[in-house]
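Here is the structure we will look at, set down as structure tokens.
The values are calculated or read from the model by the stated rules, or taken from the named source; none is laboratory data. Keep in mind the model is a prediction, meaning the values are calculated, not measured. All Cβ positions, glycine included, derive from the backbone under ideal geometry; neighbour counts span all protein chains shown.
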Amino acid sequence: MRKKIVAGNWKMNTLPAEGVELAKGVVAMRGEVCDCVNFIVCPPFTHLAQVAEALKGSNVELGAQNCAAEAKGAYTGEVAASMIAALGCKYVILGHSERRQYYGETSETLNKKMEQVYANGLTPIYCVGENLDEREAGNHFAVCKQQIEEVVFNLTEEQFKNLVIAYEPVWAIGTGKTATAEQAQEIHAYIREVLASKFGAAAAECPILYGGSCKPSNAAEIFAKEDVDGGLIGGAALKAEDFIGIGKGFMA
């Protein structure tokens, strides 16, 4: 049975003290959702250590939002995978649409980051997805396939067993357009087919998260779809009640 995951990407939000309070709130409410759902919080680098402390003794896990493509060295401003692993991170988000769009991340860069993530015992949450122009041109399948083939297909079978995919409908984020649960299922099922073409039966075990505008009011409908295994949550992850409320979508 595939893992059910609700991962919170805090992006560039919260100061350290606010992040600690948010993490404590998530921990306090965690018991409202069955243990079959895995909760992950991904704060900014600046307060990973403090949030790790706040999560101690709970089964809420810690992730980072990015890592460097290099192991160490003269790379001012970068944060190595070994550094975030040392702080207690178990997961790291790679290839988020904002990293691709604003910071020019390419498949070449992401392959190097994947190497670092696996070398340090972390689990990547690898993001794929198409923008509005690509969706309207009917290229959404091709875009997702390319993003998978150029990075995920370079993994070993053993590495693939420790991978989470997140599908981001970039066209539906902040545009006023909404992706339906049916659209989410369609692309998730396609992504699983692409994965199966390389990794066979193991693709059935790979969690694929929905990274659109998921909130407590629509989580149950989206999570009910066969190939949707949870969510990579943005704005709604900044309120403990909403974040846990999304997890309750699995129990509806």
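Per-structure values
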{"item": "Test: residue in the stretch 128-141 that is touching a helix residue (DSSP H, G or I) at 6+ places or on another chain (Cβ under 7 Å) and without any contact (Cβ under 8 Å) to a residue 24 or more places away in the chain", "result": "no"}
{"item": "Residue, nearest to Gly231 (Cα to Cα), within the stretch 53-84, restricted to residues that are small (Gly, Ala, Ser) and surrounded by fewer than 18 Cβ atoms within 10 Å (Cβ to Cβ)", "result": "Ser58"}
{"item": "Pairs with Cβ under 6 Å, 6+ apart, first in the stretch 95-117 and free of Cβ contacts under 8 Å to residues at least 12 places away in the same chain, second part of a helix (DSSP H, G or I) and surrounded by 18 or more Cβ atoms within 10 Å (Cβ to Cβ)", "result": "Glu105/Arg99"}
{"item": "Residue ranges of helices (runs of 4 or more DSSP H) in the stretch 111-229 with at least 2 members at pLDDT 95 or above", "result": "140-149, 157-160, 181-199, 219-223"}
{"item": "Odd one out for Ile246 among (1) within 15 Å of the chain's Cα centre (by Cα); (2) within 20 Å of Ser97 (Cα to Cα)", "result": "(2)"}
{"item": "Selected residue [within 25 Å of Tyr118 (Cβ to Cβ) and touching a residue at least 60 places away in the same chain (Cβ under 8 Å)] from Gly77, Gly73, Gly25, Gly63", "result": "Gly63"}
{"item": "For Ala28: the one exception among (1) more than 17 Å from Gly245 (Cα to Cα); (2) over 18 Å from the mean Cα position of the chain (by Cα)", "result": "(1)"}
{"item": "Unmet criterion (only one of (1) over 30 Å from Gly77 (Cβ atoms); (2) touching a helix residue (DSSP H, G or I) at 6+ places or on another chain (Cβ under 8 Å); (3) surrounded by fewer than 17 Cβ atoms within 10 Å (Cβ to Cβ); (4) among the small types (Gly, Ala, Ser)) for Ala119", "result": "(1)"}
{"item": "Residues satisfying the stated conditions in the stretch 215-238, i.e. of a type in the set (D, E, K, R) and touching a residue at least 40 places away in the same chain (Cβ under 8 Å)", "result": "Glu221, Lys225, Glu226, Asp227, Asp229"}
{"item": "Residue list for the stretch 17-51, filter: of a type outside the set (Val, Ile, Thr), under 20 Å from Ala80 (Cα atoms) and surrounded by fewer than 19 Cβ atoms within 10 Å (Cβ to Cβ)", "result": "Pro44, Phe45, Ala49, Gln50"}
{"item": "Among the candidates Glu61, Glu53, Glu21, residue that is under 16 Å from Leu122 (Cβ atoms) and acidic (Asp, Glu)", "result": "Glu61"}
{"item": "Answer from Ile84, Ile93 - the residue that is touching a strand residue (DSSP E or B) at 6+ places or on another chain (Cβ under 7 Å), part of a strand (DSSP E or B) and aliphatic (A, V, I, L, M)", "result": "Ile93"}
